[in-house]
Amino acid sequence: MYETVTALSYADDPRRVLVVGFGTGTIVETLLLDERIESVTVVELNRTVIDNLERVPAINNFMNDPRVVYVFDDGRRYLERNKDKFDLVAMDPLRTRSAFSNNIYSEEFFELVRRNLNPDGTLLVWSDDASGVLAKTLSEVFDNVNRYSFFFVATTKESAPSRPVYEKLVAKTPETTIGAIRQLEGPVICDRETILQATKLVPTNRDSSPTLEYYLGLPWKNTASFDAAGCKKSE
């Protein structure tokens, strides 16, 4: 929930939202706390996931919210034919080093996401990548990128998070999760300029060179200046 609340605090008017990958539903659940949101389109590749989660009472409570529309399709294929624009895109898909992960973590994919965003749009990307490849790739597509502990917030225009919006949304989350959100809270680890400076030796993840997925044995792995702590430069 922490990453979703943070991303929403960057969004000026998030009426239309796209979620790529339903996951366990926490992103959707948190989005629905924001009264500014009018519609949430969830693109999920595996229909069985949704069918099974609907049987869980705690999840079913928000899954059937009238604002939510489910599309069972590949996220990239959906964006290729989408005609509308979104104010916020949130990604909670597979791990960055899983098979076929490159399809939704490449430079070309992020360019596709940007084309589907409104001029003041926001992108939330969860990340388990400590190599710097994802950070660099995202920063080469978006002019404004902030890295947090386990996710990125990228915007199509320069934007700062709104603390009042953040606190209002945190207060709406279940009491059992507020403590966990507070424990996760932390400052921006680094911005786009710092990311690009720290990843000079790191390759960009492209469709034609899926570095995130095929990373074993690559020479840059041992010389990269982007370490697992975030954007700190190695000595």
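Observations
- Extension gain, ASP191-ASP74: 0.36 nm per intervening residue step, less the Cα-Cα distance, totals 39.1 nm.
- In the complete set of protein chains, residue-level accessible area for SER101 is approximately 0 Å², probe 1.4 angstrom.
- Whether region 30-85 is rounded, prolate or oblate, judged on the alpha carbon gyration tensor where a/c under 1.5 counts as rounded: oblate
- Accessible area of region 161-210 divided out per residue, in Å², using a probe of 1.4 angstrom: 60
- Value of [θ]222 nm, deg cm²/dmol, for the chain, DSSP H segments ≥ 4, -39500 (n - 2.57) each, nearest 500: -9500 deg cm²/dmol
- Considering only ARG76, ARG47, ARG15, the Gaussian network model of the chain with Cα springs below 10 Å gives its largest mean-square fluctuation to ARG47.
- Cα gyration tensor shape for region 1-125, rounded if a/c is under 1.5, else prolate or oblate: oblate
- Ranked packing of 85-95, 133-143, most packed first, by mean Cβ within 10 Å: 133-143, 85-95
- Sulfur and carbon atoms: percent of accessible area, the chain [1.4 Å]: 51
- Residue order by solvent-accessible surface for PHE100, PHE151 is PHE100, PHE151, largest first, with ligands and nucleic acids left out and a 1.4 Å probe.
- Simple spin-label estimate for GLN183 and ASN61 in nanometres, 7 Å along Cα-Cβ: 2.1
- Angle in degrees between helix 163-172 and the longest Cα principal axis of the chain, rounded to the nearest 10: 50
- Loop sites in region 21-115: GluC sites (Glu not before Pro), DSSP, at most 16 other Cβ within 10 Å: GLU35, GLU38, GLU54
- Charge dipole (debye, nearest 20) of the chain; +1 at Cβ of Lys and Arg, -1 at Cβ of Asp and Glu: 260
The values are calculated or read from the model by the stated rules, or taken from the named source; none is laboratory data. Note that the structure is predicted; figures quoted are calculated from it, not measured. So basically every Cβ, Gly included, is an ideal-geometry build from the backbone, and we count neighbours across all protein chains shown. What goes into the accessible areas is simple: the full protein's heavy atoms, side chains included, and nothing from ligands, DNA or RNA. Shrake-Rupley method; radii C 1.70, N 1.55, O 1.52, S 1.80 Å.
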